[in-house]
Amino acid sequence: DQWLFEALGRNPDSMSEKKASYLAHVGRWFVMGMVKRVLQPGCKWDYMLVLEGPQGYRKSSLGKVLAGDYFSDTHLNLGDKDSYLQLQGRLLHEFSELHSLSGKDVTLVKAFLTSTTDYLRAPFDKRPAEYPRQCVFFGTSNNAKWARDRSGNRRFWPVEVVQPIDTDWVSENLDQLFAEAVHRVNSGERSYPTHEEERQWFAPE
């Protein structure tokens with residue numbers, strides 16, 4: 001539960017209880033979501049961690065550390081199902097520069113997040129087939145005004161980055177981090193907020 005504080009260089013004792021609970025659960029559930037999508041392809045997990053902060057603060061680097069060779073940041077044309085081939089064999093895909101998206105684009109991204117299966121025709125396939133999702137998504141933005149709309153943004157989990165992320169610490173503790181996440185997933189632990197938790201911790205963010 002503390003890895004996101006370590007990565008961000010934040011002290012939970014110096015923030016409100018709601019803020020600390022939010023970051024602790026976002027960190028826990030995001031890594032559990034990564035694990036669930038591998039162990040249970042196509043499972044329901046439709047959230048996106050969004051890192052907000054200046055350029056050079058290693059936001060994208062965090063994704064690359066978490067997913068290693070299974071990281072992707074190639075642009076996706078959400079209206080072209082063939083582009084979803086780029087998600088195959090990936091663990092984590094980055095939507096970069098979310099602040100450049102229009103309100104319509106953000107709506108498309110939200111709809112995209114809810115899908116559990118991609119229907120496409122892979123090379124050499126005779127006909128389209130269903131490919132259960134095995135990856136999760138995270139976004140990056142240089143400011144906090146990337147998703148201002150009236151429909152709500154409950155699928156996005158914004159996290160402010162106020163200093164360069166300690167990716168070295170994450171890399172050194174990555175095995176332990178995923179081991180704990182695997183244990184929680186195999187134990188049947190929940191990896192998403194309840195309505196009350198959304199109201200208390202997530203909606204304010």
**Prompt:** Restricting attention to region 39-52, does a residue exist that is acidic (Asp, Glu), open to solvent by less than 70 Å² (accessible area, probe 1.4 Å) and farther than 17 Å from Trp169 by Cβ?
**Reply:** yes
**Complete:** Of (1) in contact (Cβ under 8 Å) with a residue 12 or more places away in the chain; (2) in a loop (DSSP other than H, G, I, E, B), Met34 satisfies every one except (2)
**For Met32: the one exception among (1) open to solvent by less than 20 Å² (accessible area, probe 1.4 Å); (2) of a type in the set (A, V, I, L, M, F, W, C); (3) out of contact with any strand residue (DSSP E or B) (no Cβ under 8 Å at 6 or more places or on another chain); (4) farther than 25 Å from Thr194 by Cβ** = (4)
**Item:** Among (1) in contact with a helix residue (DSSP H, G or I) (Cβ under 8 Å, 6 or more places away or on another chain); (2) in a helix (DSSP H, G or I), the one test that Asn77 misses
**Value:** (2)
**Request:** Enumerate the pairs (first residue in region 153-168 and farther than 14 Å from Gly27 by Cα; second residue anywhere and hydrophobic (A, V, I, L, M, F, W, C) and assigned to a loop (DSSP other than H, G, I, E, B)) with beta-carbon separation below 8 Å, excluding pairs fewer than 6 apart on the same chain, so at least 6 apart or on different chains.
**Result:** Asn153/Ala147; Arg154/Ala203
**Message:** Among the residues of region 64-82, what is the count of those that are at pLDDT below 90 and among the polar types (S, T, N, Q)?
**Reply:** 2
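The values are calculated or read from the model by the stated rules, or taken from the named source; none is laboratory data. Note that the coordinates shown come from a computational prediction; the quantities given were computed from them, not determined experimentally. As a convention, Cβ positions derive from the backbone with ideal geometry for all residues, glycine included, and neighbour counts pool all protein chains shown. Surface accessibility is based on the protein's heavy atoms, side chains included, excluding ligands, DNA and RNA. Shrake-Rupley method; radii C 1.70, N 1.55, O 1.52, S 1.80 Å.
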